[in-house]
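The values are calculated or read from the model by the stated rules, or taken from the named source; none is laboratory data. Computed from a predicted model, the values in this text were never measured in an experiment. Glycine gets a Cβ as well: all are built from the backbone with ideal geometry, and neighbour counts include every protein chain shown.
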């Protein structure tokens with residue numbers, strides 16, 4: 001393999017695939033990035049067996065010569081060092097040449113780097129997916145759906161299935177669900193897709209979706225998603241992002257979401273968020289994060305928290321609407337703040353079914369997302 | 001105590017003094033911020049006994065009413081929570097009232113905070129310094145001198161005196177020295193001060209100087225420095241920063257700085273820094289940080305590093321001047337990069353006294369700073 005490539009093109013591709021490099025892999029080949037060069041272009045691949053990312057650099061793009069391949073071939077280079085050095089090469093042009101026993105020479109300006117390359121034949125082969133089930137979604141919409149749900153997955157490895165987000169597609173509606181048993185986030189969107197296409201029970205690791213979000217470009221591009229037997233493939237222009245589905249069956253959460261409320265509240269999202277943030281500061285010192293919400297006589301609500309050592313924070317808030325029974329409820333303010341951060345509506349709805357029952361939080365402007373938090377059972 | 005104060009003024013003062021609050025103090029009163037209010041203004045104080053910071057808010061400044069004191073008095077409030085909540089108060093105006101047993105009420109907008117205050121009588125009294133030895137220095141100049149030296153102090157508690165920077169003033173020249181026995185940084189500046197004023201052997205903790213740097217405003221203000229028996233006081237406008245000197249006598253480092261060199265080098269600072277940075281990336285993987293510098297036949301130098309597992313980085317650099325003997329030397333590239341980061345001159349001078357002897361690095365434009373690094377003793 002012998003090629004000349006623009007540093008910026010190489011760097012962008014390297015940064016994209018680097019997210020799939022495992023930092024703690026015991027299999028040496030997986031700590032590398034595979035480079036394939038042929039007469040179509042240069043392909044970079046990294047894989048930690050759960051995620052694989054492939055980035056393709058065409059020889060030319062928009063009249064610009066990105067790369068010239070003098071001799072086709074492949075090599076695997078040590079990722080950690082390669083990712084850092086590519087950023088810092090002194091010249092816009094980079095020459096890479098693979099010699100005997102995969103010894104690789106990299107030249108850029110006066111810099112000469114000799115790297116111990118590995119045999120590309122040892123690198124895992126990416127799965128070939130049945131492309132029967134394919135649908136498209138705008139990149140920023142997918143990012144938003146991930147953001148709406150991913151914080152609610154569990155970090156506990158004792159219930160591996162709950163470290164993922166449940167995906168389903170039915171009648172053109174794509175739906176995400178995430179829960180850690182104390183809270184739940186759901187999000188759905190109507191896609192312009194073949195209504196006969198449907199799947200359910202697809203669970204994708206929350207961590208993987210976080211990495212995927214970082215690779216989705218800011219420009220509004222369509223992403224093609226291929227759902228196969230045990231793998232999902234995201235096609236983002238020249239980047240292919242493969243992930244394994246999580247094994248196991250996701251619990252049915254539909255029944256725990258109440259639809260009738262004893263107390264209903266509509267209020268300004270930012271005012272509530274700021275007030276809870278202040279109460280959280282005190283509750284954090286107690287390490288409980290418990291904040292209380294109570295209806296007050298004459299209308300409105302009160303947000304409060306207290307600490308035996310430090311004192312008390314309380315604040316009355318005006319509300320847009322308040323109907324139903326009087327209420328006094330306690331919850332984990334960190335969980336509530338996580339939800340309020342992603343509510344993309346000036347006003348929000350909160351529904352209560354009693355001091356010991358789930359709290360439902362929804363944006364007021366649309367029905368695309370719904371969040372649930374279990375209250376704290378306190379004695380007073 | 002009862003007062004009304006602008007949130008921004010209170011916040012700025014709180015952020016300044018917060019740097020002296022100890023996060024791991026076992027003495028409860030030291031985890032607080034003391035507030036004193038009287039007819040001149042409001043004073044905030046924090047202390048961890050090594051550092052004390054006091055910030056004064058005058059009632060009026062530039063026609064703006066900063067604070068109104070309705071009733072003089074004092075209280076100590078829990079710092080960690082107070083620092084965070086002041087930032088997030090909803091209204092520009094904050095009311096603070098101290099009641100019985102130092103119970104303190106804070107009102108801002110609809111937010112009501114009740115805090116358990118502590119008795120200000122228990123708070124340590126700040127030292128009263130003999131103001132015989134006072135000199136002034138521009139804030140940005142002091143910041144720069146700290147930056148030039150503070151990275152070279154040791155982090156090892158086994159030689160406490162070397163965790164500090166040695167200060168001396170002689171014939172109007174203020175000089176700083178820092179060393180961890182592997183490297184040394186010095187910096188000096190001619191001040192417009194009474195030439196009869198002099199001191200030596202004053203050692204101030206590097207960590208304290210780091211905190212001081214953060215409090216020095218970006219605007220170019222003169223700082224008055226009072227050097228007393230065992231304390232140094234920095235007066236920065238309305239902020240007073242007290243620090244204890246470190247106990248012990250600082251080693252004499254003047255004799256280890258060579259003045260005659262076997263090889264002398266002048267070259268472009270950024271080119272050298274970039275080349276060493278690339279070589280460092282590889283040496284870092286070996287956990288040694290060893291980088292080599294060699295003169296090459298026909299002029300110029302070569303920077304290189306190697307790793308048995310990964311490979312080799314090498315790069316030839318043009319130099320402006322090269323005189324004296326041929327050379328091949330190895331050093332800790334991290335130490336060298338620390339120095340190159342603070343060299344404020346386009347070209348730099350490096351003097352070598354042999355492969356096993358100190359390396360001297362100086363800016364070429366002025367004689368205000370000098371850095372020394374001991375080379376690695378390697379076998380090849």
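Of the residues B:276, B:360, which is outside the structural domain of residue B:178 (by TED's automatic domain parsing) and in contact with a helix residue (DSSP H, G or I) (Cβ under 9 Å, 6 or more places away or on another chain)?
On inspection, the qualifying residue turns out to be B:276.
Here is a list: A:20, A:46, A:13. Which entry is in a strand (DSSP E or B) and under 26 Å from residue A:207 (Cα atoms)?
Going through A:20, A:46, A:13 in turn, the sole match is A:46.
For the list (1) away from chain B (no Cβ under 14 Å); (2) not in a strand (DSSP E or B), I need the number of the one condition that residue A:74 fails.
(2)
For the structure I just gave you, tell me whether residue B:291 is touching a strand residue (DSSP E or B) at 6+ places or on another chain (Cβ under 8 Å), surrounded by fewer than 17 Cβ atoms within 10 Å (Cβ to Cβ) and either more than 30 Å from residue B:204 (Cα to Cα) or modelled with pLDDT under 95 (or both).
On the way: touching a strand residue (DSSP E or B) at 6+ places or on another chain (Cβ under 8 Å): yes; surrounded by fewer than 17 Cβ atoms within 10 Å (Cβ to Cβ): no; either more than 30 Å from residue B:204 (Cα to Cα) or modelled with pLDDT under 95 (or both): yes.
Here the answer is no, as residue B:291 does not meet what is asked.
With respect to residue B:17, determine if the residue is closer than 30 Å to residue B:245 by Cβ and within 14 Å of chain A (Cβ to nearest Cβ).
Numbers: closer than 30 Å to residue B:245 by Cβ: yes; within 14 Å of chain A (Cβ to nearest Cβ): no.
So residue B:17 does not fit the description; no.
Among the residues of region A:75-90, are any closer than 16 Å to residue A:1 by Cα and without any contact (Cβ under 8 Å) to a residue 60 or more places away in the chain?
Yes, there is a match, as at least one residue in region A:75-90 is closer than 16 Å to residue A:1 by Cα and without any contact (Cβ under 8 Å) to a residue 60 or more places away in the chain.
Quick one: how many residues across region B:81-140 are within 13 Å of another protein chain (Cβ to nearest Cβ) and part of a helix (DSSP H, G or I)?
Adding up the residues that qualify gives 9.
If we scan region A:277-284, do we find a residue that is within 14 Å of another protein chain (Cβ to nearest Cβ) and more than 29 Å from the chain's Cα centre (by Cα)?
yes
Which count do you get for residues in region B:188-197 that are outside any strand (DSSP E or B) and crowded, with 16+ Cβ neighbours inside 10 Å?
Of the residues in that region, 3 qualify.
Looking only at region A:258-270, filter to residues that are assigned to a loop (DSSP other than H, G, I, E, B) and surrounded by fewer than 19 Cβ atoms within 10 Å (Cβ to Cβ); which one of those is modelled with the lowest pLDDT?
Checking each candidate, the answer is A:259.
Does residue B:53 fit the bill of being part of a strand (DSSP E or B) and either more than 14 Å from chain A (Cβ to nearest Cβ) or out of contact with any strand residue (DSSP E or B) (no Cβ under 6 Å at 6 or more places or on another chain) (or both)?
When the stated conditions are applied, residue B:53 passes them.
Where residues in region B:358-374 are in a loop (DSSP other than H, G, I, E, B) and closer than 16 Å to residue B:321 by Cβ, which of them is modelled with the highest pLDDT?
B:364
If we scan region B:147-170, do we find a residue that is within 12 Å of another protein chain (Cβ to nearest Cβ), surrounded by 19 or more Cβ atoms within 10 Å (Cβ to Cβ) and farther than 24 Å from residue B:222 by Cβ?
no
From (1) over 20 Å from residue B:371 (Cα atoms); (2) surrounded by 21 or more Cβ atoms within 10 Å (Cβ to Cβ); (3) more than 14 Å from chain A (Cβ to nearest Cβ), pick out the condition that doesn't hold for residue B:184.
Failed condition: (1).
Checking the structure you have, find out if any residue of region A:13-27 is surrounded by fewer than 16 Cβ atoms within 10 Å (Cβ to Cβ), under 21 Å from residue A:66 (Cβ atoms) and touching a strand residue (DSSP E or B) at 6+ places or on another chain (Cβ under 8 Å).
no
What number of residues within region A:289-325 satisfy the criterion of being touching a residue at least 40 places away in the same chain (Cβ under 8 Å), more than 9 Å from chain B (Cβ to nearest Cβ) and assigned to a loop (DSSP other than H, G, I, E, B)?
So the count comes out to 4.
Go through (1) out of contact with any strand residue (DSSP E or B) (no Cβ under 6 Å at 6 or more places or on another chain); (2) more than 13 Å from chain B (Cβ to nearest Cβ); (3) surrounded by fewer than 19 Cβ atoms within 10 Å (Cβ to Cβ); (4) at pLDDT 95 or above and name the single condition residue A:62 misses.
It is condition (4) that residue A:62 fails.
One residue is enough: does region A:194-210 have a residue meeting the conditions more than 19 Å from residue A:241 (Cβ to Cβ) and touching a residue at least 60 places away in the same chain (Cβ under 8 Å)?
Yes, that holds for at least one residue.
Considering each residue of region B:211-233, count those that are within 21 Å of residue B:18 (Cα to Cα) and in contact with a helix residue (DSSP H, G or I) (Cβ under 6 Å, 6 or more places away or on another chain), and give that number.
Number of matching residues: 4.
Starting from residues that are surrounded by fewer than 19 Cβ atoms within 10 Å (Cβ to Cβ) and either facing another protein chain (nearest Cβ under 9 Å) or assigned to a strand (DSSP E or B) (or both), keep the ones in region A:326-348 and report whichever is nearest to the chain's Cα centre (by Cα).
The extreme case among them is A:347.
So which of B:92, B:100, B:112 is in contact with a strand residue (DSSP E or B) (Cβ under 7 Å, 6 or more places away or on another chain), outside the structural domain of residue B:215 (by TED's automatic domain parsing) and surrounded by fewer than 15 Cβ atoms within 10 Å (Cβ to Cβ)?
Just a single option satisfies the conditions, and that option is B:92.
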